[in-house]
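Reading through the structure tokens given below for one structure.
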Amino acid sequence: MRVVVAGASGMIGTALVAALRSAGHDVLRLVRRPPSGADERQWDPAAGTADDGAFVGADAVVNLGGAGIGDKRWSGSRKQEIRDSRIAPTDVLARAVARHRVPTFLSASAVGFYGDTGDAEVTEISPMGTGFLAEACADWEAATAPAAEAGARVALLRTGLVLSPTGGLLGKLKPLYALALGGRLGDGRQYFPWISLADELGAITFVLDNPSISGPVNLTGPDPVTNAEFNRALGAAMRRPAPWVVPGFAIRALIGEFAQECLLAGQRAVPAVLEASGYTFQHQTVAAALRYACP
């Protein structure tokens with residue numbers, strides 16, 4: 001299979017390219033700079049352009065781009081950057097998929113689509129929530145419409161918080177927990193929709209290889225946990241106590257709107273489509289995922 005990957009330089013994209021190649025697929029990476037290798041093709045999402053040669057003969061396009069949600073405080077300009085780095089590039093790719101009749105388009109999204117769901121379990125048929133992230137995810141997903149209208153199979157990868165041995169969320173948390181500075185956030189009752197990097201890659205490959213799967217797909221582990229439960233599990237994986245509590249008001253004062261939507265809220269999201277389609281998780285529990293991610 002010939003697969004075009006946008007966002008190939010990120011944590012997930014880099015690992016996905018390697019996994020697809022190991023599985024025998026031919027992978028082209030879209031880059032914004034001048035290409036420096038035979039496997040690269042240039043695109044410029046801001047200008048609305050992409051090298052048409054990248055899509056000729058392609059079997060699938062995987063879109064993983066987007067500015068980091070938690071990298072900076074959410075100012076008005078940062079929120080616009082988060083939207084602009086997702087919606088316009090997705091539209092460029094969707095139109096390229098439509099123009100070149102690429103049969104499959106997998107496009108990243110996030111479980112933030114559901115907003116804060118409290119204790120309620122959410123699956124792919126659950127409605128859109130409220131808040132900045134929910135609205136951004138909805139518009140991000142809507143940008144895939146040109147591909148779907150042209151007859152492509154479109155899967156919307158609503159990813160949770162990815163637990164990786166290198167980088168990502170745990171890259172920020174592990175140094176704190178190593179110093180016994182870990183602890184729950186607020187009351188700890190908010191859900192933490194985790195997935196291991198191994199299962200993130202496995203699930204994306206599974207969706208890519210299964211033509212019956214389209215529409216929203218929750219990329220989350222099968223056993224969602226609360227923030228308090230995650231805190232205990234990470235402390236155990238790091239073999240360090242994690243006794244601290246960071247009050248909600250302090251997090252909101254320090255980080256602002258991002259804290260309210262992403263740290264003090266959560267989604268009890270379950271991977272109903274993956275499980276119904278026969279995907280077998282490598283890491284069934286957060287403890288197993290953290291043992292993998294904290295060797």
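Worth a mention:
- Within the stretch 30-52, considering residues that are open to solvent by less than 60 Å² (accessible area, probe 1.4 Å) and more than 18 Å from A94 (Cβ to Cβ), the one modelled with the lowest pLDDT: G37
- Close pairs (9 angstrom Cβ cut-off, 6 or more residues apart or separate chains): in contact (Cβ under 8 Å) with a residue 60 or more places away in the chain in the stretch 107-123, charged (D, E, K, R) and surrounded by fewer than 19 Cβ atoms within 10 Å (Cβ to Cβ) anywhere: G118/R189; D119/R189
- One residue stands out among those in the stretch 228-271 that are of a type in the set (A, V, I, L, M, F, W, C) and either in contact with an Asp or Glu (Cβ under 6 Å, 6 or more places away or on another chain) or part of a loop (DSSP other than H, G, I, E, B) (or both): the one that is farthest from F192 (Cα to Cα), which is A242.
- Every residue from the stretch 1-24 that is under 18 Å from A198 (Cβ atoms) and either open to solvent by 10 Å² or more (accessible area, probe 1.4 Å) or without any contact (Cβ under 8 Å) to a residue 40 or more places away in the chain (or both): G10, M11, I12, T14, A15, V17, A18, A19, R21, S22, A23
- Filter pass, R240 being touching a helix residue (DSSP H, G or I) at 6+ places or on another chain (Cβ under 9 Å), at pLDDT 95 or above, over 30 Å from G151 (Cα atoms) and not hydrophobic (A, V, I, L, M, F, W, C): no
- Failed criterion for V56 (all others in (1) open to solvent by less than 20 Å² (accessible area, probe 1.4 Å); (2) among the aliphatic types (A, V, I, L, M); (3) out of contact with any helix residue (DSSP H, G or I) (no Cβ under 9 Å at 6 or more places or on another chain) hold): (1)
- Single residue of the stretch 62-89 satisfying the filter (of a type in the set (V, I, T) and in contact (Cβ under 8 Å) with a residue 60 or more places away in the chain) that is nearest to R2 (Cα to Cα): V62
- Yes/no for Q267 being open to solvent by 50 Å² or more (accessible area, probe 1.4 Å), of a type outside the set (G, A, S) and either touching a His at 6+ places or on another chain (Cβ under 6 Å) or closer than 19 Å to L161 by Cα (or both): no
- Pair list, Cβ < 6 Å and 6+ apart or interchain, from the stretch 232-261 residues that are surrounded by 13 or more Cβ atoms within 10 Å (Cβ to Cβ) to residues that are of a type in the set (V, I, T): A233/V286; A259/I251
- Screening D209, D223, D199 for residues that are touching a His at 6+ places or on another chain (Cβ under 7 Å) and not small (G, A, S) leaves exactly one candidate, D199.
- Test for G221: is it within 21 Å of Y114 (Cα to Cα), modelled with pLDDT of 85 or more, touching a Pro at 6+ places or on another chain (Cβ under 8 Å) and not in a strand (DSSP E or B): yes
- Residue, least open to solvent (accessible area, probe 1.4 Å), within the stretch 170-188, restricted to residues that are touching a residue at least 24 places away in the same chain (Cβ under 8 Å) and under 22 Å from the mean Cα position of the chain (by Cα): L170
- None of D52, D59, D39, D44 is touching a Pro at 6+ places or on another chain (Cβ under 9 Å) and more than 16 Å from C137 (Cβ to Cβ) except D59.
- Some residue of the stretch 63-82 being polar (S, T, N, Q), more than 19 Å from A265 (Cβ to Cβ) and buried (at least 18 other Cβ atoms within 10 Å of the Cβ): yes
- Out of S196, S212, one residue alone is open to solvent by 40 Å² or more (accessible area, probe 1.4 Å) and polar (S, T, N, Q). It is S212.
The values are calculated or read from the model by the stated rules, or taken from the named source; none is laboratory data. Fair warning: this is a prediction, and the values are worked out from it, not measured in the lab. So basically every Cβ, Gly included, is an ideal-geometry build from the backbone, and we count neighbours across all protein chains shown. With ligands, DNA and RNA removed, areas are computed over all heavy atoms of the protein, side chains included. Shrake-Rupley method; radii C 1.70, N 1.55, O 1.52, S 1.80 Å.
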